[in-house]
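Undergrad: First the structure, then my questions, so here it is.
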Amino acid sequence: MKFTKLSLEGAYIIEIEPFNDERGFFARSWCQKEFKEHGLDARLVQCNISFNKHRGTLRGMHYQSKPQEEAKLIRCTRGSIYDVIIDLRQDSKTYKKWVSIELDSINRKMIYVPEGFAHGFVTLEDNTEVFYQVSEFYNPKYYKGIRWNDQSFNIQWPINENLIISKQDKSWEDFKC
C-alpha cells in the first residue's frame with residue numbers, strides 16, 4: 001500500500017498496489033503492520049456500509065467525542081463521493097482546517113481519518129456505496145456532528161442544490177471552539 005500524507009496532521013490517502021495478471025488483480029486494502037509503521041491506529045472493531053440511492057446525498061459531518069473517539073478508514077466501493085474531513089483537535093496546528101478528496105470505485109483510493117476529526121461526504125452518482133472500517137464501537141452517547149454548511153469551516157461542496165440531508169444532519173448546532 002502507498003501512504004500519502006495530507007495537509008492535516010495524521011490524515012492519509014492510502015492507495016492499493018495491485019498485483020495484476022490475466023485474471024485481474026489482487027491487492028491489500030489494510031495491513032495492521034503497515035498501519036502501525038506509519039503511526040496510525042491499527043485497531044479495527046467495526047465495519048460499516050453506507051448505501052446512497054441518489055446523487056447529492058450528503059452525510060456528515062460526524063465524529064465521536066472523548067473517550068470514544070474513533071479513527072476511520074473509508075473507501076468508496078461503488079459510485080463516487082466528495083469526501084471531507086475537519087481537524088477538531090484544539091491542540092493541532094491544523095485545528096478547524098478541512099481537506100477533501102474524491103473517492104470512487106475506479107481510483108480505489110482510501111482516506112485514513114484520525115481520532116479527533118469530523119467526517120462527511122456527498123455522493124456524486126446515484127447508487128453509491130461507501131465502506132468504513134472504524135477503531136471504536138458506535139456509541140450514541142458520544143456521537144456528535146457539525147452542520148455541513150457551518151460558517152466556521154466554509155466547506156466548498158461541489159453540489160449545493162437539491163441535497164438530500166437527514167433531519168439530524170440539518171439540525172446540528174453551530175460549532176463552538
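Undergrad: Quick check: anything in the range 14-34 more than 23 Å from Glu70 (Cα to Cα), surrounded by 14 or more Cβ atoms within 10 Å (Cβ to Cβ) and at pLDDT 95 or above? Give the derivation first.
TA: Taking the range 14-34 first, the residues more than 23 Å from Glu70 (Cα to Cα) are 17-27.
Narrowing further to those that are surrounded by 14 or more Cβ atoms within 10 Å (Cβ to Cβ): none.
No.
Undergrad: For the range 87-112, name all the residues that are part of a strand (DSSP E or B), of a type outside the set (Ser, Thr, Tyr) and farther than 18 Å from Leu40 by Cα.
TA: Here is the first cut: in the range 87-112, the residues part of a strand (DSSP E or B) are 87, 98-104, 110-112.
Narrowing further to those that are of a type outside the set (Ser, Thr, Tyr): 87, 98-99, 101-104, 110-111.
Matches in the range 87-112: Trp98, Val99, Ile101, Glu102, Leu103, Asp104.
Undergrad: Has the range 97-106 got at least one residue that is in contact (Cβ under 8 Å) with a residue 24 or more places away in the chain and among the aromatic types (Phe, Trp, Tyr)?
TA: yes
Undergrad: Please go through the range 52-91 and pick out each residue that is in contact (Cβ under 8 Å) with a residue 24 or more places away in the chain and among the charged types (D, E, K, R).
TA: Lys53, Arg55, Arg59, Lys66, Glu69, Glu70, Lys72, Arg75, Arg78, Asp83, Asp87, Arg89, listed by residue number.
Undergrad: Checking Gly60 against (1) surrounded by 22 or more Cβ atoms within 10 Å (Cβ to Cβ); (2) of a type outside the set (Asp, Glu); (3) on the phi < 0 side of the Ramachandran plot; (4) touching a Gly at 6+ places or on another chain (Cβ under 8 Å), only one condition comes out false. Which one?
TA: (3)
Undergrad: Still on this structure, I have one more. Within the range 152-164, work out how many residues are more than 18 Å from the chain's Cα centre (by Cα) and closer than 15 Å to Ala118 by Cα.
TA: 1
Undergrad: Looking at the range 118-132, which of its residues are buried (at least 18 other Cβ atoms within 10 Å of the Cβ) and either among the hydrophobic types (A, V, I, L, M, F, W, C) or over 15 Å from Leu103 (Cα atoms) (or both)?
TA: If the condition is that a residue be buried (at least 18 other Cβ atoms within 10 Å of the Cβ) and either among the hydrophobic types (A, V, I, L, M, F, W, C) or over 15 Å from Leu103 (Cα atoms) (or both), then Ala118, Phe121, Val122, Leu124, Val130 are the ones that fit.
Undergrad: Let me ask you something else. Take Lys109 and decide whether it is more than 14 Å from the chain's Cα centre (by Cα) and in contact (Cβ under 8 Å) with a residue 60 or more places away in the chain.
TA: no
Undergrad: Every residue in the range 118-136 that is assigned to a loop (DSSP other than H, G, I, E, B), within 16 Å of the chain's Cα centre (by Cα) and of a type outside the set (D, E, K, R), please.
TA: Narrowing the range 118-136 to residues assigned to a loop (DSSP other than H, G, I, E, B): 124-127, 135-136.
Narrowing further to those that are within 16 Å of the chain's Cα centre (by Cα): 124, 135-136.
Correct list: Leu124, Ser135.
Undergrad: Quick one: is Glu115 touching an Asp or Glu at 6+ places or on another chain (Cβ under 9 Å), in contact (Cβ under 8 Å) with a residue 12 or more places away in the chain, surrounded by fewer than 19 Cβ atoms within 10 Å (Cβ to Cβ) and not in a loop (DSSP other than H, G, I, E, B)?
TA: Values: touching an Asp or Glu at 6+ places or on another chain (Cβ under 9 Å): yes; in contact (Cβ under 8 Å) with a residue 12 or more places away in the chain: yes; surrounded by fewer than 19 Cβ atoms within 10 Å (Cβ to Cβ): yes; not in a loop (DSSP other than H, G, I, E, B): no.
Answer is no for this residue.
Undergrad: A further question follows. In this structure, is Leu73 buried (at least 22 other Cβ atoms within 10 Å of the Cβ), of a type outside the set (S, T, N, Q) and modelled with pLDDT of 95 or more? Working first, answer last.
TA: Numbers: buried (at least 22 other Cβ atoms within 10 Å of the Cβ): yes; of a type outside the set (S, T, N, Q): yes; modelled with pLDDT of 95 or more: yes.
For Leu73, the condition - buried (at least 22 other Cβ atoms within 10 Å of the Cβ), of a type outside the set (S, T, N, Q) and modelled with pLDDT of 95 or more - is met.
Undergrad: Still on this structure, I have one more. Need at least 2 residues that are over 15 Å from the mean Cα position of the chain (by Cα) per element, so show me which strands (runs of 3 or more DSSP E) inside the range 1-86 make the cut, counting only ones lying wholly within it.
TA: Values: elements: 2-5, 12-15, 19-21, 24-26, 46-52, 57-64, 72-78.
Once the strands (runs of 3 or more DSSP E) in the range 1-86 are filtered for at least 2 residues that are over 15 Å from the mean Cα position of the chain (by Cα), what remains is 2-5, 19-21, 24-26.
Undergrad: Okay, moving on. Would you check if Lys176 is at pLDDT below 95, surrounded by fewer than 19 Cβ atoms within 10 Å (Cβ to Cβ) and not in a helix (DSSP H, G or I)? I'd like the intermediate steps shown before the answer.
TA: Details: at pLDDT below 95: yes; surrounded by fewer than 19 Cβ atoms within 10 Å (Cβ to Cβ): yes; not in a helix (DSSP H, G or I): yes.
So Lys176 passes the test.
Undergrad: Counting only residues that are of a type in the set (S, T, N, Q) and surrounded by 12 or more Cβ atoms within 10 Å (Cβ to Cβ), how many does the range 141-159 have? Step through it out loud before you land on a result.
TA: So the first thing to find is which residues in the range 141-159 are of a type in the set (S, T, N, Q), and the list is 149, 151-152, 154, 156.
Checking the rest, the ones that are also surrounded by 12 or more Cβ atoms within 10 Å (Cβ to Cβ) come to 149, 152.
Qualifying residue count, the range 141-159: 2.
The values are calculated or read from the model by the stated rules, or taken from the named source; none is laboratory data. A quick note: this is a predicted structure, and the numbers were derived from the prediction, not measured. Positions of Cβ are backbone-derived with ideal geometry, glycine not excepted, and every protein chain shown enters the neighbour counts.
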